1. Looking only at B:GLY75, B:GLY89, B:GLY113, which one moves most when chain B is put into a Gaussian network model with springs between Cα atoms under 10 Å?
2. Taking H placed 1.01 Å from N in the peptide plane, check which residues at least 5 places from A:MET172 or on another chain put their amide H under 5 Å from its amide H.
3. Points 7 angstrom from Cα along the Cβ direction at A:ALA50 and A:ALA212: gap in nanometres?
4. How long are the three semi-axes of the equivalent ellipsoid for chain B, computed from the Cα gyration tensor as the root of 5 times each eigenvalue, in whole Å, largest first?
5. Could you pull out every residue, at least 5 positions away or on a different chain, whose amide H is within less than 5 Å of the one on A:GLY264? Hs are placed 1.01 Å off N in the peptide plane, and Pro or chain starts have none.
6. When the Cα centres of the range B:107-126 and the range B:17-77 are compared, how far apart do they sit, in Å?
7. Using only Cα positions of the range B:19-106, each an equal point scatterer, no hydration layer, compute I(q)/I(0) via Debye at q = 0.19 Å⁻¹ and quote the log10 values to two decimals.
8. Using +1 at the Cβ of each Lys and Arg and -1 at the Cβ of each Asp and Glu in the range A:138-238, identify which of A:GLY149, A:THR193, A:VAL204 lies farthest towards the dipole's positive end.
Amino acid sequence: MPSSPARRARTTRRLRASRQPGSRRERPPSRALPVALVLAALTLITVDRATGDDSPLEPVRAGAETVLGPVQQGLSAAGRPFAAAGRFVTTVDGLRDDNARLARRNDVLRARLAATKTARARLAQYDALDEVAKGARLDTVEARVVAVGPAQSFNRTVTIGAGTRQGVRPDMTVLDADGLVGRVLRAGPTTATVLLVVDADSVVGGRLGSTAELGFLRGDGDLSDEGRLTMTTLDSTARPKVGDTVVTWGSRRGIPYLAGVPIGTVESAQATARDSSATVSVRPFVDFSSLDVVSVVTSAPRARATASGASSAGSGG
Amino acid sequence: MRALQVVGTFLLVVLVVCLQLGPFSHLALQGVVPDLALLVVVAAAIARGPSYASVLGFLAGLTLDLAPPVDHTTGRWALALAVVGYLAGQVRDDADHSAVAAALTVAAGSFIGTSLFALSGLLLQDPGVSVAVAVQVVPLAVLYDLALTPLVLPLALAFFARMQPLALRW
């Protein structure tokens, strides 16, 4: 089939254009590629979802922790100026927040005082048995928060700058000076991922300070600074008092949660008519929007073991 | 040389994701952080077109899915950012010629990306994802991404322009 010169010229031009690296219209964008990528993403989602904890992607995630953790650590040191910039950005909310924080602080201290009074008698009995309640004999690893999961990802998780080399293992309890922060989800060599108690996926066994009532605290997934925990008491007729302190119930070996760590104060307790149980809102002691230095409790089992000579029951559950 | 560029681009993605999760978390408003990875994907779409950008979006999303401390079903950001890269690439001829159009592309990309991610979470019933939370997060994310566009987009465009003479052919 003879081709006209004009047509040939057009073809050459097109060919030349397509060879020119800087050129815009190289080739028509292929439809197959994006479709393939979407399918690949859907496959990943399905595989990860269907296999749950045994997901083949879990080792990949651990690998990412190993590789990216140190990068985040390095950037964290370099990123200190950002913290100052961040404070500047949030100045608008800052004063209101400060006010709220101080008011909260006041509440917390008052609540702690009240809880201390009522609990002191009981604690005196436990003190001899339960080293953990006093916070004694705990080996902890201090670490800085080096990365925070963004709200866009709908998780409340942070990376801390301590890992298996420092003795951090999954399910260990993480605290700061104010109270319970969360538990270790995954540990890399030098960093670890911590699930905050305000994450929607987090469940913590809690005990009311004054009545020793047990219950479970769930994060509400609120990504702002006003995260609250919702407590459901095991005894549905229990009516927790506003201002009561909630501490961790704890498990036998302190894994995942150590017993007796302060979590927060009861902010409101509303009875739900339907199933006669109460919806208890707990305000955490820890300010999750400004986490910096945290401690990972690394020796809970050992502490329990030495204490269990005196106590066989402990306060575990 | 081409391998070097692949490595360079990959390092950029890793750096951007780590910056987003690390230092930039100090700039969080209600937990929302500027989505640097998304801005880079949009820049790639403007500089290189939909095919390149969707691949880069997939990789950047996958990094964001796997990087600590993020913990959700893997592939959700990969899906969202691949789609954003492809769609932004479709309008790149407009986005390349005016700053307003580029900003609009970022806004649309940010809206689509964050919404897609939230939507996939809703469908999978991932913990923490609810319509109420998404309605708060998505507009804030769009505004924050827009606010950072004048700073980040030119830098990212310059990076991809530098790579241009030895363009990768995906």
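1. B:GLY75
2. Residues meeting the amide H criterion: A:VAL184.
3. Roughly 5.0 nm, to one decimal.
4. Details: eigenvalues 121, 60, 44 Å².
Semi-axis lengths for chain B are 25, 17, 15 Å.
5. For A:GLY264, the qualifying residues are A:VAL246, A:PHE285.
6. 13
7. Those come out to -0.82, one per q.
8. Positive-end residue among those listed: A:THR193.
No value in this document is a laboratory result; all are computed from the given coordinates. On a predicted model such as this, the values are computed, not experimentally measured, just so you know. As a convention, Cβ positions derive from the backbone with ideal geometry for all residues, glycine included, and neighbour counts pool all protein chains shown.
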